[in-house]
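Have a look at the structure below before the remarks.
The values are calculated or read from the model by the stated rules, or taken from the named source; none is laboratory data. This one's a predicted model, so the numbers in the text were calculated from it and none came from an experiment. Counting neighbours? That spans all protein chains shown, and the Cβs are built from the backbone with ideal geometry, glycine included. Side chains are part of the model used for accessible areas, which takes the heavy atoms of the whole protein and leaves out ligands, DNA and RNA. Shrake-Rupley method; radii C 1.70, N 1.55, O 1.52, S 1.80 Å.
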Amino acid sequence: MTRIDPSRPFVLLDDARDRDASPARLYADPMEIIQTRDPAAVPALLGRLKDGHWAGFIAYEAGHALEPRLGAPRLPAEPLLWFGRFEGYTEIAAEDVPSLLPDPAIGWLGHPRPDIGFDDYAKVLGQVQEWISAGDIYQANLTLRASISTAGPPLALYAGMRGRAKAGYGGVIWTGEDWFLSLSPELVFALHDGHLPP
């Protein structure tokens, strides 16, 4: 029987939509882990992700290592890049995923507290709008960090958010040190035959 073992690093890629949900993929028991907090190491490590089943994450700040014009990033406490190489993955029917997660009632999330004030955000938004008007960019993903109080196990927090958000592209990554819970209505990118489609 499939289960999620939080004593070892794992990656769960999940689709919680009510209709036409794709099966989840559980990557467990990594054979190898690569990670870095050093921006200079990011390109070489990305080059290693060619063969095998790799699953993990690349932090937004890692983009600074790939595009020098962005300047030096504010480095997060977490790795800029973390990937596990797995023998394969277990496919789980979308409707079976909740049975692998703890009861969401044992987790609690407080209200998000943005790390920047509205005036600072409005200033950055104005800059992005100027760049779009000037034709320098056509789109931007303007994000901000926020703090949130939590109680309960991370998988219970994910179970609660999963049930409420019903996101098509969700997931949990446990690196053995850090938990990452993610829910998105859109796919960031798809890789086909080693290439990003246009």
Selection within the stretch 156-170 - in contact with a Lys or Arg (Cβ under 9 Å, 6 or more places away or on another chain) and closer than 19 Å to ALA59 by Cα: GLY170
Of the criteria (1) part of a helix (DSSP H, G or I); (2) under 23 Å from GLU177 (Cα atoms), which one GLN35 fails: (1)
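Can you tell me which of ASP120, ASP103 is touching a residue at least 24 places away in the same chain (Cβ under 8 Å) and not hydrophobic (A, V, I, L, M, F, W, C)?
Values: ASP120 fails: touching a residue at least 24 places away in the same chain (Cβ under 8 Å).
On inspection, the qualifying residue turns out to be ASP103.
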The lone exception for GLU95 - which of (1) of a type in the set (Asp, Glu); (2) under 16 Å from LEU46 (Cβ atoms); (3) in contact (Cβ under 8 Å) with a residue 24 or more places away in the chain it fails: (2)
Search result, residues across the stretch 139-164 that are open to solvent by less than 50 Å² (accessible area, probe 1.4 Å), of a type in the set (A, V, I, L, M, F, W, C) and either outside any strand (DSSP E or B) or at positive phi (or both): LEU155, ALA156, LEU157, ALA159, MET161
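Just name the residue that is most open to solvent (accessible area, probe 1.4 Å) out of those in the stretch 108-138 that are in a loop (DSSP other than H, G, I, E, B) and under 30 Å from ALA24 (Cα atoms).
Initial filter on the stretch 108-138 (in a loop (DSSP other than H, G, I, E, B)): 110-112, 115-117, 135-138.
Of the ones still in play, those that are also under 30 Å from ALA24 (Cα atoms) are 110-112.
Details: GLY110: 15, HIS111: 155, PRO112: 90 Å².
Checked the stretch 108-138; the qualifying residue most open to solvent (accessible area, probe 1.4 Å) is HIS111.
Return the residues of the stretch 50-67 that are free of Cβ contacts under 8 Å to residues at least 24 places away in the same chain and open to solvent by 30 Å² or more (accessible area, probe 1.4 Å); say none if nothing qualifies.
Going residue by residue through the stretch 50-67, those that are free of Cβ contacts under 8 Å to residues at least 24 places away in the same chain are 51, 58-59, 61-63, 67.
Matches in the stretch 50-67: ASP51, ILE58, GLU61, GLU67.
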Number of the exception - GLY71 against (1) surrounded by 14 or more Cβ atoms within 10 Å (Cβ to Cβ); (2) on the phi > 0 side of the Ramachandran plot; (3) of a type in the set (Gly, Ala, Ser): (1)
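Could you list, in sequence order, the residues of the stretch 165-185 that are hydrophobic (A, V, I, L, M, F, W, C) and not in a loop (DSSP other than H, G, I, E, B)? First the steps, then the outcome.
Kept after step one, since they are hydrophobic (A, V, I, L, M, F, W, C), are these residues of the stretch 165-185: 165, 167, 172-174, 179-181, 183.
Residues satisfying the conditions are ALA165, VAL172, ILE173, TRP174, TRP179, PHE180, LEU181, LEU183.
If I filter the stretch 35-67 down to residues being charged (D, E, K, R) and more than 15 Å from GLU78 (Cβ to Cβ), which single residue comes out as modelled with the highest pLDDT? Even if it seems obvious, please write down each step before you answer.
Within the stretch 35-67, the subset charged (D, E, K, R) is 37-38, 48, 50-51, 61, 67.
Keeping just the survivors that are more than 15 Å from GLU78 (Cβ to Cβ) gives 48, 50-51, 67.
On the way: ARG48: 93, LYS50: 86, ASP51: 87, GLU67: 84.
Looking at residues that are charged (D, E, K, R) and more than 15 Å from GLU78 (Cβ to Cβ), I get ARG48.
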Selection from the stretch 6-49 of residues that are open to solvent by 60 Å² or more (accessible area, probe 1.4 Å), free of Cβ contacts under 8 Å to residues at least 40 places away in the same chain and hydrophobic (A, V, I, L, M, F, W, C): ALA40, ALA44
